[in-house]
Every structure is written in structure tokens, then in C-alpha cells.
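The values are calculated or read from the model by the stated rules, or taken from the named source; none is laboratory data. All values derive from a computational prediction rather than experimental measurement. A quick note on method: Cβ atoms are made from the backbone with ideal geometry, for glycine too, and the neighbour counts reach across all protein chains shown.
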Amino acid sequence: MEPVPPADRPVTAREHRILAGVNAGEVMEGSGLTDGDIAAALRVLRGQSTAEEEVARMLAELVAARSGREPGAPSSQPLGLETPGPMERDLP
């Protein structure tokens, strides 16, 4: 696996070892890291993003692809992701 690093800097030896380990686990499960997965992991490893932000980005991309919209565009039919949790609801 030779990941394509973001334009800001090449992948370090440490980053490469981490990515190789994660990819090995994915390969054992029958898939592998995509270029998008590698880019997201590198953003987290480099402190440019958090895992939670990357999950939110991935979910936004999936929702947008499912509905035919661009990521970040307003949704006309929410898929339940915007439903407030139990502590966020107005209680009687």
C-alpha cells in the first residue's frame, strides 16, 4: 500500500506504519482503505481534524450520495440524523 499524501507534506514512516496496520485489518475483513480513508486518517493523525469530524464528513457524503445532493446542501427529506437525542428534547 502506497498512500497518496495530501499536498502539504509526504507520509512519514510513523504514519505509513499506522496506515499499513489499519489497512491490514481491513484486508482481513475483505476490503481495504480507499484514498478517501487514507486522507481522513492522515488528517486525524496530523491534528487537522478529529475522528468525530471525519465520521460526520463521511455521513454527510453518504447522505448526499443517497439523495443526489452535494455534501453540505440542505436536506429536504431528513433521514433521522438530525433527530435530537434524549437530552436535547424538550421535556414536559
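Points worth noting:
- Looking across the range 1-56, the residues that are modelled with pLDDT under 90 and in contact with a Leu (Cβ under 8 Å, 6 or more places away or on another chain) come down to M1, P3, P5, P6.
- As for the range 71-83, it holds no residue that is at pLDDT 90 or above and assigned to a loop (DSSP other than H, G, I, E, B).
- Across the range 11-44, the number of residues qualifying as part of a loop (DSSP other than H, G, I, E, B) and over 16 Å from V55 (Cβ atoms) comes to 6.
- Residue that is farthest from the chain's Cα centre (by Cα) [pool: residues in the range 32-70 that are of a type in the set (D, E) and within 16 Å of H16 (Cβ to Cβ)]: D35
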